[in-house]
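**Q** Can you read through this structure? Questions will come right after.
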Amino acid sequence: MKPIHYTIVPKQPAAHLFEVTVTVAEPDPAGQRFVLPVWIPGSYMVREFARNIVTLRAFSETGRKVRVEKTDKHRWQAAPLKGALTLRYEVYAWDLSVRSAYLDDTIGFFNGTSVFLSVLGHEQSPCTVEIHPPAGTAYRSWRVATALPEARGTKRYGFGGYTAPDYDALIDHPVMLGEFELETFHAHGVPHDIVIAGRVAGLDMPRLGADLSRMCEAQIALFEPKSKQAPVERYVFMTLAVSDGYGGLEHRASTALICNRADLPVSGRTEQTDGYRTYLGLCSHEYFHTWNVKRIKPAAFAPYDLTQENYTSLLWLFEGFTSYYDDLMLVRSGLITQADYLTLVGKTVGGVLRGNGRLKQSVAESSFDAWVKYYRQDENAANAIVSYYTKGALVALAFDLTIRAQTGNRKSLDDVMRLLWRRFGRDFYHGKARGMAEAEVEALFAEATGIDLTAVFAHAVRGTRDLPLAELFEPFGIALAPEPDKSGKPSLGARVRGGTDSTLVTVYDGGAAQKAGLSAGDVLVALDGLRVTGANLDALLGRYLSGAKVELHVFRRDELRTMQLKLDQPEVARYTLALSSKSGSAADKWRERWLKG
């Protein structure tokens with residue numbers, strides 16, 4: 001088949017419009033059909049990207065207009081013709097996220113799922129794409145960042161031609177346009193680029209390169225301990241630094257990230273801030289996906305059907321296990337201390353235990369319902385669902401500690417991941433694309449470890465009871481304990497938005513607020529006659545003891561209501577993980593082997 005050729009031009013940055021063309025040299029004689037994905041892999045929600053196509057027209061190779069009809073929300077069909085067919089269309093790009101497309105006079109970014117129509121019947125054809133700069137001298141310093149291979153004659157980071165072996169590869173390489181900082185490092189011989197766009201004063205790019213190099217090498221060695229062979233020939237970390245933002249999306253040879261500019265390291269300062277630690281964890285999470293979900297895939301994703309939801313009950317393994325390993329790889333690579341790591345685990349424990357949704361939905365159910373629940377959370381989410389990210393990370397922890405304890409620390413979850421890599425991931429893009437069937441998982445765990453983990457699957461994956469984490473930590477000399485709010489402040493049993501806003505965001509099951517009849521969306525006005533704001537609520541509550549009865553005035557919609565409320569016990573502020581009194585030489589060795597890999 002002849003290549004499908006695309007062009008993309010930031011036509012009107014001020015109007016946030018990309019102009020895209022797709023040319024088919026050999027269109028379907030019955031009338032060529034086109035389709036745009038409705039979701040992007042890694043973000044499990046139907047997003048209807050076609051809604052951003054503003055205009056669309058079709059032309060023959062002589063420039064004659066060709067009739068084209070829209071057949072449903074994201075499909076088009078052109079009239080039959082002889083010779084090449086070109087579609088020209090405009091895409092509105094004003095989504096400042098890692099999932100879609102964005103364009104203004106400072107930066108451009110797009111995922112192929114948002115801008116490149118698929119040519120039905122030609123999905124396996126090679127693709128070429130010409131990336132053009134915006135018109136005008138104001139954009140002379142703009143460059144292109146992408147992991148797409150350059151076509152002959154195009155310089156790396158330059159505008160021009162890029163190639164992909166098929167449509168799936170084309171849309172799995174996001175593109176950033178604009179001015180950016182650039183740092184290159186090597187991890188086990190493979191070049192990795194760090195691209196940072198956005199205004200960041202005093203950015204320490206060499207430190208970023210050195211730190212990410214250690215993390216990347218640790219992950220490569222995890223999956224390929226002998227060869228140290230990376231699964232890519234080149235990798236690109238693309239980050240947009242903003243005033244307030246956080247997020248990442250994995251791709252086969254790159255990742256798109258958004259972070260708070262204050263989280264990035266500053267030249268001349270060696271301290272590690274909480275924000276920088278969070279950014280490193282985000283990079284680690286998305287890089288781990290290079291193996292786990294981009295190559296080791298559930299059968300439901302091999303291949304993706306981007307026209308509708310793809311259901312799997314395994315996101316706890318692909319997202320949850322990745323969420324477990326992201327911080328674990330930071331401590332194994334020496335980027336954070338063991339104490340830092342245990343603090344992060346305690347934070348995850350607290351987050352999972354805070355909502356009663358964990359007692360109603362298993363991580364397998366959460367995975368399957370991601371399309372309609374996790375990605376569409378409302379005010380009752382904490383009471384109804386559990387995150388396959390955070391609870392999935394604790395499930396991975398439970399598996400890891402269980403395997404280590406039952407095998408005398410001879411086997412671990414690392415062995416499971418390496419078997420999955422050999423069986424499903426290593427050759428995924430080399431002619432052996434097979435996903436993991438859900439019925440295979442338990443047997444694969446048993447094969448990798450030599451032990452029966454049926455009970456763990458029943459309890460941790462399909463069950464809704466809390467995990468026995470305190471018990472699992474004991475052989476490793478670690479004690480897990482809740483730490484109540486030291487202020488002694490009683491609890492409303494609800495979460496308030498904060499700042500100057502005293503609106504209830506979540507009302508927890510069985511808590512004081514729910515018992516008193518309060519609902520999410522209610523606005524607290526006064527407590528025992530004193531005005532309430534999001535800023536002073538904690539101070540007002542601090543004057544009372546648990547069990548005290550208070551009078552609340554609240555607005556529900558435009559109606560003022562008076563309610564009597566009995567204050568709950570102080571909330572658990574966090575969960576701490578510390579060396580236990582039983583810690584000894586054996587436990588210390590086990591812990592070191594776990595945390596050092």
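**Q** Over the C-alpha atoms of the chain, what are the Rg and the largest Cα-to-Cα span, Dmax, in Å?
**A** 26.3, 82
**Q** Remind me, relative contact order of the chain in percent, using alpha carbon pairs under 8 angstrom and six or more residues apart?
**A** 10 percent
**Q** For the range 246-263, take each phi angle, set θ = phi - 60°, evaluate the Karplus expression 6.51 cos²θ - 1.76 cosθ + 1.60, and give the result in whole Hz per residue in order, putting x for glycine and proline.
**A** Values, residue by residue: 7, x, x, 9, 7, 9, 5, 9, 6, 9, 9, 10, 10, 9, 6, 4, 5, 7 Hz.
**Q** Sort 168-175, 119-126 by the packing proxy (mean of other Cβ within 10 Å over each peptide's residues), most packed first.
**A** Result, highest mean Cβ count within 10 Å first: 168-175, 119-126.
**Q** Along the positive direction of the dipole of the chain (beta-carbon charges: Lys, Arg +1; Asp, Glu -1; about the Cα centre), which of Ala405, Ala382, Thr23 reaches farthest?
**A** After comparing all options, I get Thr23.
**Q** Any chance you could run the full-extension gain for Asp485 through Arg462? It's 0.36 nm times the residue separation minus the Cα-Cα distance, nm to one decimal.
**A** 5.1 nm
**Q** Then there's this: Hey, if you put +1 on the Cβ of every Lys and Arg and -1 on every Asp and Glu Cβ in the chain, which of Ala78, Ser581, Gly209 ends up farthest toward the positive end of that dipole?
**A** Farthest towards the positive pole: Ala78.
**Q** While we're on this one: Output wanted: per-residue J couplings in Hz (rounded whole) for the range 52-63, from phi through Karplus 6.51 cos²θ - 1.76 cosθ + 1.60, θ = phi - 60°, x for Gly and Pro.
**A** For the range 52-63, the Karplus-derived couplings read 8, 7, 8, 9, 8, 9, 10, 9, 7, 5, 8, x Hz, x marking Gly and Pro.
**Q** Further question: Once the dipole of the range 181-273 is set up with Lys and Arg at +1 and Asp and Glu at -1 on Cβ about the Cα centre, which of Thr184, Thr255, Ala230 lies farthest towards its positive end?
**A** Going by the Cα projections, it comes out as Ala230.
**Q** Assuming a ≥ b ≥ c are the square roots of the Cα gyration tensor eigenvalues, decide whether the range 494-570 counts as rounded (a/c under 1.5), prolate (otherwise, with a/b larger than b/c) or oblate.
**A** rounded
**Q** I'd like the FRET efficiency for Arg269 and Tyr544, computed as 1/(1 + (r/R0)^6) with the beta carbon distance as r and R0 of 35 Å, rounded to 0.05.
**A** Plugging the Cβ-Cβ distance into 1/(1 + (r/R0)^6) gives 0.25.
**Q** Lys515: which aspartates and glutamates have alpha carbons under 17 Å from its alpha carbon, excluding same-chain residues fewer than 8 sequence positions away?
**A** Glu379, Glu551, Asp568, Glu571
**Q** Now for a separate question. So if I take the centroid of the Cα atoms in the range 24-43 and the same for the range 173-203, what is the distance between those two points in Å?
**A** 32 Å
**Q** Here is a follow-up. Give the order of Met45, Met329 when sorted by the count of other beta carbons within 10 angstrom, beginning with the fewest.
**A** Met45, Met329
**Q** In whole angstrom, how far apart do the alpha carbon centroids of the range 470-534 and the range 375-414 sit?
**A** Value for the Cα centre distance between the two parts: 24 Å.
**Q** Just for the Cα atoms in the range 354-486, what are the lengths along the principal axes, largest first, rounded to whole Å?
**A** On the principal axes, the range 354-486 reaches 52, 40, 24 Å in Cα extent.
**Q** Suppose each label sits 7 Å from its Cα in the direction of the beta carbon; what would the Asn260-Lys226 distance come out to in nanometres?
**A** Reported label-point gap for Asn260 and Lys226 is 4.6 nm.
**Q** With only Lys, Arg, Asp and Glu charged, each at its Cβ (+1 for the first two, -1 for the last two), find how big the charge dipole of the chain is about the Cα centre; round to the nearest 20 debye.
**A** With only Lys, Arg, Asp and Glu charged at Cβ, the dipole is about 380 debye.
**Q** State, to one decimal in nm, how far the label point of Ser519 lies from the label point of Lys347, with both points 7 Å from Cα in the Cβ direction.
**A** Roughly 3.5 nm, to one decimal.
**Q** Only residues of the range 81-125 count here: report those whose backbone N is under 17 Å from the spot 7 Å along Cα→Cβ of Arg199, or say none.
**A** Under 17 Å, as judged by backbone N against the label point of Arg199, lie 104-108 of the range 81-125.
**Q** Could you grab the relative contact order for the range 181-273? Cα pairs under 8 Å, six or more apart, rounded to a whole percent.
**A** 30 percent
**Q** Where in the range 355-383 does the amide nitrogen come within less than 14 Å of the point 7 Å from the Cα of Glu309, taken along Cα to Cβ?
**A** 365-377
**Q** Collect residues whose amide H, placed 1.01 Å from N in the peptide plane, falls under 5 Å from the amide H of Gln569; neighbours closer than 5 in sequence don't count.
**A** Distant-sequence amide H within range of Gln569: Ser491.
**Q** May I ask for the distance between the Cα centers of the range 223-249 and the range 133-155, given as a whole number of Å?
**A** Spelled out, the Cα-based centre of one part sits 21 Å from the other.
**Q** Here's a follow-up. About the Cα centre of the range 1-115, what is the dipole size in debye to 20, counting +1 per Lys and Arg Cβ and -1 per Asp and Glu Cβ, all else neutral?
**A** 380 debye
**Q** Full extension from Glu471 to Arg51: what is 0.36 nm times the residue separation minus their Cα-Cα distance, to one decimal in nm?
**A** 146.1 nm
**Q** Across the range 422-433, in residue order, what do the Karplus-derived ³J(HN,Hα) couplings come to in whole Hz, using 6.51 cos²θ - 1.76 cosθ + 1.60 with θ = phi - 60° and x for Gly and Pro?
**A** My calculation for the range 422-433 gives 5, 7, 10, x, 4, 10, 4, 9, 10, x, 10, 7 Hz in order.
**Q** Taking the Cα centre of the range 494-570 as origin, sum charge times position over the Cβ atoms of Lys and Arg (+1) and Asp and Glu (-1), and report the length of that vector in debye to the nearest 20.
**A** About 80 debye.
Every number in this text was worked out from the coordinates using simple rules, so none of it is lab data. Here the structure is a predicted model, which means the values were calculated and not measured. For neighbour counting, all protein chains shown are included, and Cβ atoms are generated from backbone atoms with ideal geometry for every residue, glycine included.
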